[in-house]
Amino acid sequence: MRILSIDSSLGTQLLVADAAGGGTPDATAAGMGLNILVAAQQDSPRRHAESLGPMLADALADPEVAAAPLDAVVAATGPAPFTGLRAGLVTARAVARARGIPVYGVPSLDAVARTALDELVRRDREAASTATVLVATDARRKEVYTARYRARGRDDVERLGEYEVLTPAALRDRENNGVLPPADAVAGSGAALYPELVAGREALAPVSGDAAAQVRVALARLGALPNSEEEALREAGLGVQPLYLRRPDVHMSAGPAR
């Protein structure tokens, strides 16, 4: 199965990969194998619109990629800042529509959690199977998008609670006051920006999304579905509705002043 994966949660990641069937272990033994044919990345959080087009054109023109048709598109759905997230989702939908293939969404924090758990697996597989990970990614405005997770098999994750946007201080207060059970490790770009969130725990996967991990999450969830109807996809966390959690920074004018 050939998949185009796009993540624009903070910077921009794009890759095309062939997925091995049956959950075949890859070299890390973390989960299903992905043969990544081409990958591109740019780290600026403000260049999504101008970077996605050239990155996509270059990827699809690669001889190995062009040798076989795409079967699906996977895109990050956030939570993430409005402008970048929208650029990635619009691009993913446009490619899927033009080629007549399905597009699936994976929340960005879910992909970060999977990446972090993979790191734990490589160190201690047994401990990773029961570990909880607090994911915190950069939400700007001195806040983080956050959720807690544990592993669901080798390729998926289970979210423990809702997605939230909080200040680092508020998140630490919730843990200190017992509102949130303490996690075993902390992951995401927010943990790198705000070391106080780590509080002596292991810091993992200092990113806001992961284009490879979201493919594995998507395929694991698809494999567990009884059908691919829209409602089933949405309930499985595969819908393409963006998770903004708050209003965009830029608002359109209501019209000329009177």
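Residues in the range 47-68 that are loosely packed, with under 11 Cβ neighbours inside 10 Å, among the aliphatic types (A, V, I, L, M) and in a helix (DSSP H, G or I): 57, 61. All conditions in (1) over 30 Å from residue 227 (Cβ atoms); (2) open to solvent by less than 10 Å² (accessible area, probe 1.4 Å) hold for residue 117, with the sole exception of (1). Working only within the range 206-258, note down all residues that are open to solvent by 80 Å² or more (accessible area, probe 1.4 Å), under 21 Å from residue 189 (Cβ atoms) and modelled with pLDDT under 80. Within the range 206-258, just 249 meets the criteria. Residue count for the range 83-103 satisfying the condition of being modelled with pLDDT under 95 and among the basic types (Lys, Arg): 1. Of all residues in the range 172-186, those that are under 14 Å from residue 199 (Cα atoms) and without any contact (Cβ under 8 Å) to a residue 40 or more places away in the chain have Cβ atoms under 8 Å from Cβ atoms of residues that are open to solvent by 80 Å² or more (accessible area, probe 1.4 Å) and in a helix (DSSP H, G or I), 6 or more apart or on another chain, in 172/196.
Residue 128 satisfies every condition listed in (1) modelled with pLDDT of 95 or more; (2) more than 21 Å from residue 241 (Cβ to Cβ); (3) of a type in the set (Gly, Ala, Ser) except (1). Looking only at the range 161-171, decide whether some residue is of a type in the set (Phe, Trp, Tyr), modelled with pLDDT under 90, surrounded by 16 or more Cβ atoms within 10 Å (Cβ to Cβ) and assigned to a loop (DSSP other than H, G, I, E, B). No, that holds for no residue. Scan the range 46-58 residue by residue and report those that are under 20 Å from the mean Cα position of the chain (by Cα) and of a type in the set (A, V, I, L, M, F, W, C). The answer is 49, 52, 55, 56.
Looking only at residues in the range 172-197 that are more than 25 Å from residue 76 (Cα to Cα) and in contact with a helix residue (DSSP H, G or I) (Cβ under 7 Å, 6 or more places away or on another chain), the one that is surrounded by the most Cβ atoms within 10 Å (Cβ to Cβ) is 180.
Consider the range 174-205 and keep the residues that are assigned to a loop (DSSP other than H, G, I, E, B) and either in contact with a Pro (Cβ under 9 Å, 6 or more places away or on another chain) or under 20 Å from residue 11 (Cα atoms) (or both). The one that is modelled with the lowest pLDDT is 199. Of all the residues in the range 42-73, those that are in contact (Cβ under 8 Å) with a residue 60 or more places away in the chain and under 29 Å from residue 128 (Cβ atoms) number 1. Looking across the range 206-244, the residues that are polar (S, T, N, Q), touching a residue at least 60 places away in the same chain (Cβ under 8 Å) and in a loop (DSSP other than H, G, I, E, B) come down to 208, 228, 241. Scanning the range 76-114 for residues being in contact with a Pro (Cβ under 8 Å, 6 or more places away or on another chain), crowded, with 24+ Cβ neighbours inside 10 Å and part of a helix (DSSP H, G or I) gives a total of 4. Mind counting the residues in the range 1-46 that are open to solvent by 30 Å² or more (accessible area, probe 1.4 Å), modelled with pLDDT of 90 or more and assigned to a loop (DSSP other than H, G, I, E, B)? Qualifying residue count for the region: 1.
The values are calculated or read from the model by the stated rules, or taken from the named source; none is laboratory data. All values derive from a computational prediction rather than experimental measurement. Backbone-built Cβ (ideal geometry, glycine too); neighbour counts: all protein chains shown. Just the protein is used for accessible areas: all its heavy atoms, side chains included, with ligands, DNA and RNA removed. Shrake-Rupley method; radii C 1.70, N 1.55, O 1.52, S 1.80 Å.
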